Amino acid sequence: MKSTVLAPTTLIAWFDRTGRDLPWRHPETTGWGVLVSEIMLQQTPVVRVQPIWQDWMQRWPKPSSLAEATAADVLRAWGKLGYPRRALRLHAAAAAIAKNHGDVVPSDVDTLLALPGIGAYTARAVAAFAYGRRAPVVDTNVRRVVARAVHGSAEAGPPSTTRDLADVDTLLPEEDARAARYSAALMELGALVCTARNPTCVDCPVRVDCAWQQAGKPAYAGPTRPTQRFAGTDRQVRGLLLDVLRGASGPVERAKLDLVWQHDGQRDRCLDSLLVDGLAEQTEDGLFALPGES
DNA sequence: CAACCGTGGTT
DNA sequence: TAACCAAGGTT
């Protein structure tokens with residue numbers, strides 16, 4: 001007897017009723033719009049992404065439009081969304097799509113996986129949400145929902161792409177469009193109800209069948225990952241340096257960058273890593289700038 | 001697989 | 001207030 005928890009009919013009905021009206025979910029949004037949203041949403045909250053996404057769609061409505069922009073313009077438009085390498089990879093993906101895919105975002109998972117910045121999650125999210133394909137879409141929300149509702153555990157264990165995909169695949173309905181809708185519903189449930197902290201189980205549409213609920217909502221017993229520091233790390237220093245370059249109208253002197261961090265060794269190392277990553281450039285006369293603006 | 005890669009709001 | 005959290009990907 002197959003478990004009825006996370007039943008498609010229940011979840012999709014809940015999603016129809018409760019799902020957020022996000023612009024990249026509108027029917028007229030292209031595959032390109034969906035892809036841009038998915039990249040921006042990697043590790044970044046919806047509220048911060050939405051205005052930037054609107055701006056990008058107006059400015060760069062097709063992959064080829066973005067491909068024609070300079071990296072400097074792309075990084076400035078990315079603003080403070082964080083992890084600016086995502087912007088660079090999206091820029092590169094746009095160029096590849098324009099050149100090799102007729103300026104249309106691919107719908108095939110393996111083709112998407114071959115593009116820079118697109119991994120197991122994003123490839124399937126685009127296939128499902130932009131093209132209505134049946135594909136297991138596994139993000140942190142889905143992992144948490146499945147851990148609780150199916151396995152009765154408060155948190156998902158350590159991620160394993162292969163296992164997680166197979167796990168979610170068994171839950172997906174057969175028909176493509178329905179499976180895609182179901183995937184969106186699963187993510188939305190994790191984002192709105194089955195949240196990491198203080199899940200609102202009273203609002204949950206699958207509460208009666210939830211294994212975690214039935215077990216009395218036991219606390220997580222498995223291994224915990226050490227929390228990532230930020231203050232004092234290279235990540236912070238790189239962010240400070242890049243913020244100076246973004247805020248400048250053109251190339252700046254090294255002295256200007258020296259002001260943001262007092263430890264010379266770390267600062268120099270970070271500036272060098274930005275150059276290596278293609279997030280910054282040094283001009284012929286020794287100034288520093290965003291790539292492509294000199 | 002673990003470490004690394006930004007940023008800002010919430011608890 | 002330090003820790004946690006937010007639609008991950010790459011090395």
- For the stretch A:187-213, how many residues meet the condition of being among the hydrophobic types (A, V, I, L, M, F, W, C), part of a helix (DSSP H, G or I) and in contact with a Cys (Cβ under 6 Å, 6 or more places away or on another chain)? 0
- Task: For residue A:91, work out the one condition from (1) under 26 Å from residue A:179 (Cβ atoms); (2) surrounded by 17 or more Cβ atoms within 10 Å (Cβ to Cβ) it doesn't fulfil.
- Result: (1)
- Of the residues in the stretch A:106-147, how many are more than 8 Å from DNA strand C (Cβ to nearest atom), closer than 22 Å to residue A:22 by Cβ and either open to solvent by less than 10 Å² (accessible area, probe 1.4 Å) or among the hydroxyl-bearing types (Ser, Thr, Tyr) (or both)? 10
- Message: Going by what's in this entry, would residue A:229 be described as within 14 Å of DNA strand B (Cβ to nearest atom) and open to solvent by 60 Å² or more (accessible area, probe 1.4 Å)?
- Response: yes
- Message: Please pick out the residue among A:239, A:247, A:265, A:278 that is open to solvent by 60 Å² or more (accessible area, probe 1.4 Å) and farther than 30 Å from residue A:17 by Cβ.
- Response: A:247
- Of all residues making up the stretch A:148-171, the number that are open to solvent by less than 60 Å² (accessible area, probe 1.4 Å) and touching a residue at least 40 places away in the same chain (Cβ under 8 Å): 9
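Among helices (runs of 4 or more DSSP H) lying entirely in the stretch A:233-294, which contain 1 or more residues that are within 16 Å of DNA strand C (Cβ to nearest atom) and among the hydrophobic types (A, V, I, L, M, F, W, C)? So that I can check it myself, show each step before the final result.
Values: elements: A:234-247, A:254-258, A:264-277.
Fully inside the stretch A:233-294 and qualifying: A:234-247, A:264-277.
The values are calculated or read from the model by the stated rules, or taken from the named source; none is laboratory data. Predicted model only: the values in this text are computed from it and were never measured. Positions of Cβ are generated from backbone atoms using ideal geometry, with glycine treated the same way; all protein chains shown enter the neighbour counts. Only protein heavy atoms, including side chains, enter the accessible area calculation; ligands, DNA and RNA are left aside. Shrake-Rupley method; radii C 1.70, N 1.55, O 1.52, S 1.80 Å.
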